[in-house]
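Values quoted throughout were computed directly from the atomic coordinates according to the rules given, and no laboratory measurement underlies them. Please read all numbers here as calculations on a predicted model, not as lab measurements. Every residue, glycine as well, gets a Cβ built from its backbone with ideal geometry; the counts of neighbours run over all protein chains shown.
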Amino acid sequence: MIDPIGAVAAATASIDQSLKLIRRVSTAIEIHKNGRKDLEFIFEDLSSIAQVIELVQTIEEIRTKGVLKALANMLKHAEKLDDHVQQVKKKSNTGSSFRRAAHHFMTGPEDLEHTNRVVKELTSLKTTLILHIQVAHVGLVVQNDQDKRANPGCTHMLDSSVLHEVNQVVEQRLGKGQGLKIAEVLRGKSADDDGMIRLSQEEYECLVFHSLDDSQSNQELGTIRVANNQTFDQALQINGCISDDWMEFAQNLTIEDNEARNQSIQLSIRGLSRKPQSNVGMLY
């Protein structure tokens, strides 16, 4: 049997630890960025990631199974990033003054590349976390027998004030129109005098349709990477999606490090409705 108190404590610890690590890395980046654009971009990405985790820390009602699973995955990557940055800091702060100058913080291409890679992974996981937050069924409960007798035909209910309050906070953090899907679906549904919104089985099933299970999450958020392709002579190559059927994946499409040589042509494209970027005998 699962201990509910232990589960809550573990979830809280996971949230707190993720924030602690992200903030520690952010502080290290901020101290050393000194006008460097590459570190500035990393700092901004980390700040955005921390804001979404803070949202989960603030609102207990959105800590669904999917949200906590996404956070646990983020924690693993946050630990990996923190370990790397601490090693970089140690390398840049040890040895002679000449050695320290040669190993200034995050100036090595390998250090920066590794940092960027993990931050990109965290940013992708942040998108997954946001989706799980948006589909959280805040305040939704199964009606008890007494309420079913008083309201025949209704199987589920939720507190409209809790839903409105949570949705307002989520939209403040994520942006207008980026709130809870359940609030969007029930926008035209009036609450009863006690403030509860009661749903029939059919209405409830419509809400279940909007929930995000693991298979949907993996399908929608899987990163497609098109990289390290080469063309020669007079070849034509298309890098990316060649049909708009794949447009839903475009936000996680990465096209990089492709090379066209001689008279060959490469087209880097996210969908037929988008304007392609062409490459003729040059490094892309």
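Arranged by the count of other C-beta atoms within 10 angstrom, fewest first, what order do 181, 120 take?
Least crowded to most crowded, the residues run 120, 181.
At a threshold of 8 angstrom on Cα-Cα distance, excluding pairs fewer than six apart, so keeping six or more, what relative contact order does the range 53-193 reach in percent?
Details: 105 pairs, mean separation 35.1, N = 141.
Across the range 53-193, relative contact order equals 25 percent.
Normalized C-alpha radius of gyration of the range 140-211, against 2.2 N^0.38 Å? Please list the in-between numbers first.
Numbers: Rg = 12.9 Å, N = 72, 2.2 N^0.38 = 11.2 Å.
For the range 140-211, the normalised Cα radius of gyration comes out at 1.15.
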Say a paramagnetic label sat at a point 7 Å from the Cα of residue 162, along Cα to Cβ; which residues of the range 34-65 have their backbone N under 14 Å from it?
59-64
